[in-house]
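Visitor: Quick one: structure below, then a few questions.
Laboratory data are not the source of any read-out in this text; all were calculated from the coordinates shown. From a predicted model like this one, the values you see are computed outputs, not experimental measurements. Counting neighbours? That spans all protein chains shown, and the Cβs are built from the backbone with ideal geometry, glycine included.
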């Protein structure tokens, strides 16, 4: 069974969480950002997560550099796994498209940076976590430290999560992430991050002109996205803040 083959890949690659869910679970996403927009006839989603070790976010020195390198290494693993699983699905007669962990990204008509599909919502639909007040996927063992990769496929896959979890979600009175955010980008009531406010503070992109990106984003969003994808990802971007992840107590002690 194809699900067993995917689970086998996850075990071989030390992927601790993996889930399957219906593509219809994202039917309420914005037009252009639904599974069927990326792959006509999409039936199922596969999502998996790799954690960044908790102590990486709490080193007494060189924390941004250590987090940055750890995340970049995980992105490469996630993207390779997305390709491997998509290829396996196609070898078994389905169509499949990888949804990469970070790049490439798009720019919408409002000039906001957006993913082709919302990985956090994919994680929710496939059952590997719930959305926390910080707008991130949270998991009882790994907190907000899971980085995600996924695949959209026309295969009919049964909904399941490995391992099965029952997440209670954030405590009702917890506001640690929002209070710690230096630019107040987190809305705990909406469980949402104002992404451009966040990126404008945390991202350092020395090879990308922010002025030129701003102009393009207003005039030619598609060109702005290509410019950003060429100049502002992988080793070309450095992140100076991860407080919403580092201070999140969900999954503490795992």
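Visitor: From a point 7 Å beyond the Cα of residue 179 in the direction of its Cβ, which residues of the stretch 123-148 have a backbone N at a distance under 20 Å?
Guide: From the stretch 123-148, the list is 132-136, 144.
Visitor: I'd like the FRET efficiency for residue 240 and residue 28, computed as 1/(1 + (r/R0)^6) with the beta carbon distance as r and R0 of 45 Å, rounded to 0.05. Please report the intermediate quantities before stating the final value.
Guide: Numbers: r = 34 Å, r/R0 = 0.75.
Once the sixth-power term is evaluated, E becomes 0.85.
Visitor: At 7 Å along Cα-to-Cβ for each site, give me the label-to-label distance between residue 141 and residue 230 in nm.
Guide: In this crude label model, residue 141 to residue 230 measures out at 4.3 nm.
Visitor: I would also like to ask the following. Work out how much length residue 87 to residue 203 would gain on full extension: take 0.36 nm times their residue separation and subtract the Cα-Cα distance, in nm to one decimal.
Guide: Contour length minus the Cα-Cα distance gives 38.5 nm.
Visitor: Bins of 5 Å, beginning at zero and ending with the bin holding the largest distance: percent of Cα pairs per bin for the stretch 50-119, please.
Guide: 3, 15, 16, 16, 17, 15, 10, 5, 2, 1, 0
Visitor: Now a separate question. Among 111, 101, 49, which one shows the highest mean-square fluctuation when the chain is modelled as a Gaussian network with alpha-carbon springs under 10 Å?
Guide: 111
Visitor: So, by mean Cβ neighbours within 10 angstrom, what's the order for 21-31, 132-142, 69-79 with the highest one leading?
Guide: Final packing ranking: 132-142, 69-79, 21-31.
Visitor: Give the shape of the stretch 156-223 as rounded, prolate or oblate, defined through the alpha-carbon gyration tensor: a ≥ b ≥ c are the square roots of its eigenvalues, a/c under 1.5 means rounded, and otherwise the shape is prolate if a/b is larger than b/c and oblate if not.
Guide: oblate
Visitor: Another one. Explain nothing, just the number: relative contact order of the stretch 52-188, from Cα pairs under 8 Å at least 6 residues apart, as a whole percent.
Guide: Relative contact order here is 23 percent.
Visitor: Under the classification rounded if a/c is under 1.5, otherwise prolate if a/b is larger than b/c and oblate if not, where does the chain fall, given a ≥ b ≥ c as square roots of the Cα gyration tensor eigenvalues?
Guide: Oblate is the answer for the chain, as a/c is 1.5 or above yet b/c matches or exceeds a/b.
Visitor: Tell me whether the stretch 93-158 comes out rounded, prolate or oblate; compute the Cα gyration tensor, take square roots of the eigenvalues as a ≥ b ≥ c, and use a/c under 1.5 as the rounded threshold.
Guide: oblate
Visitor: Take the alpha carbon atoms of the stretch 1-56, find their center, do the same for the stretch 136-197, and report the distance between the two centers in whole angstrom.
Guide: A separation of 14 Å, based on Cα centres.
Visitor: Restricting things to alpha carbons, tell me how big the stretch 140-183 is in terms of Rg and Dmax, in Å.
Guide: 15.7, 44
Visitor: From a point 7 Å beyond the Cα of residue 36 in the direction of its Cβ, which residues of the stretch 129-154 have a backbone N at a distance under 15 Å?
Guide: Residues 153-154 fall inside that zone.
Visitor: Another one. Taking a label point 7 Å from the Cα of residue 1 along the Cα→Cβ vector, which residues of the stretch 71-92 have an amide N closer than 20 Å to it?
Guide: Once the point is set 7 Å along Cα→Cβ of residue 1, 85-86, 88-92 turn out to lie under 20 Å by backbone N, inside the stretch 71-92.
Visitor: What percent does the relative contact order of the stretch 57-119 come to when contacts are Cα pairs within less than 8 Å and at least six residues apart?
Guide: 21
Visitor: Let me ask something else about it. Rounded to the nearest Å, what's the spacing between the alpha carbon centres of the stretch 69-98 and the stretch 219-242? Just the number, please.
Guide: Centre-to-centre distance over Cα atoms comes out at 22 Å.
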